């Protein structure tokens, strides 16, 4: 611990690497070859996508699932199925991946950004309530980092104002709120299987729902406007081809065989980290609402107080951690600051007139966490208890030198 910082030429705390991602073996290879040799590589002729949709529905206690090309497309499909478009407003958190709000633009609706709860970085229900107008049609709560948002409050607001709820559960496979899996708590939920996700096939996504009529529309939008049981060249719904391939579904089915064990490992290591980090002044861990009965831990996020580390900035701290062998990153920027949301490109006139400068004052928590948040990726949480201790040792080492 007395050696100088690795960024100054000292020996790193962690030198053994981290679990590779993705994790795979002969099962993925066998599954891909099975699809290859079958000659049935797409959804219409194959069986793997339907098998995956069934198993994912069971995992998240939903009655219906439609697998799609990616998580961004999943949100677009959900919005289109709900007939949300030009002139409509959709409330989204200001701290999330761009796809949450960009998907709203893609259907010519207007994303309305609201601030997040500082305790867990999820959308703040009080800010949601204040943002509702006569044009509001839907709320998209994001289960950030795999931590369920306050679905009780969000669903209450939605019922009061007759709004749809689309859960963006891209990071939240296996997460639970009050003992119920996320995704089908609202009208529908969307998931991503992009390469970094806890369940992945390189790219891919799914939309789930317990509403049969909505699920049928979701299926139609994703299947070039056809209807279940309809003729091949009948297209009564405006849709496009968002279908997942049989190869990706085969990979997902193989990946699902390890999902529970990996989820338990992430949870165990996250609890260990939280226990250690709690005692380090200048490091703030996020709080778990007791109604969060399962956190997916796609990310482990904590906050950094530069004053406790000799005034060194968050960016300096991240670089120092990385030099010590810790895979840290700094996370999102305020979403309302992205240039794409400052212009009317691709949107109807009512959306293009929306000014975004107001959001800086209205979203103080987003501004703060974008300046002091630290991320650790989910594959780091698949490491050993010693690996978790090394994360803590690296932080203590840096603080000792900087304080």
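Just checking my list (i) 33, 25, 22; (ii) 59, 31, 20; (iii) 36, 28, 17 against semi-axes √(5λ) of the Cα gyration tensor in Å computed from this structure; which label fits?
Evaluating semi-axes √(5λ) of the Cα gyration tensor in Å on these atoms matches (iii).
Taking only Cα atoms and a 10 Å spring cutoff, compute GNM fluctuations for the chain and point out the largest among 305, 20, 269.
20
Treat each spin label as a single point 7 Å out from the Cα along the C-beta direction, and report the residue 256 to residue 133 distance in nm.
4.2 nm
Each label point is 7 Å from the Cα along the Cα-to-Cβ direction; what then is the distance between the points at residue 333 and residue 403, in nm?
3.4 nm
Percent antiparallel among DSSP beta bridges with both residues in the chain, to the nearest 5?
65 percent
In nm, to one decimal, how far is the residue 240 label point from the residue 228 one, both placed 7 Å along Cα→Cβ?
For the pair residue 240/residue 228, the computed spacing is 2.4 nm.
Rounded to the nearest 0.05, what FRET efficiency do residue 281 and residue 153 give with R0 = 30 Å and r taken as the Cβ-Cβ distance? Could you check?
Efficiency, rounded to the nearest 0.05: 0.40.
Okay, which of segment 204-245 sit inside 20 Å, backbone N to the point 7 Å along the Cα-Cβ direction of residue 86?
From segment 204-245, the list is 237-240.
Going by how many other beta carbons lie within 10 Å of each one, how would you line up 246, 176, fewest first?
Fewest-to-most Cβ neighbours within 10 Å comes out as 176, 246.
Using Cα pairs closer than 8 Å and at least 6 residues apart in sequence, work out the relative contact order for segment 75-140, in percent.
39 percent
For residue 63, put the label point 7 Å out on the Cα→Cβ axis and report which residues of segment 175-219 keep their amide N under 12 Å from it.
209-216
What FRET efficiency comes out for the pair residue 271/residue 368, r = Cβ-Cβ distance, R0 = 25 Å, nearest 0.05?
With a Förster radius of 25 Å, E is 0.50.
Considering the zone a paramagnetic label at residue 340 would reach in this model (a point 7 Å from Cα along the Cα-to-Cβ line), which residues of segment 62-90 have amide N under 17 Å from it?
Of the residues in segment 62-90, 69-80, 90 have backbone N under 17 Å from the label point off residue 340.
Over the chain, what is the mean sequence separation of C-alpha contacts under 8 Å (at least six apart), divided by residue count, expressed as relative contact order in percent?
Over the chain, the number comes to 22 percent.
Where a number appears in this text, it was derived from the coordinates with a stated rule and is not lab data. Here the structure is a predicted model, which means the values were calculated and not measured. Don't worry about glycine lacking a Cβ; one is built from the backbone with ideal geometry, like all the others, and counts go over all protein chains shown.
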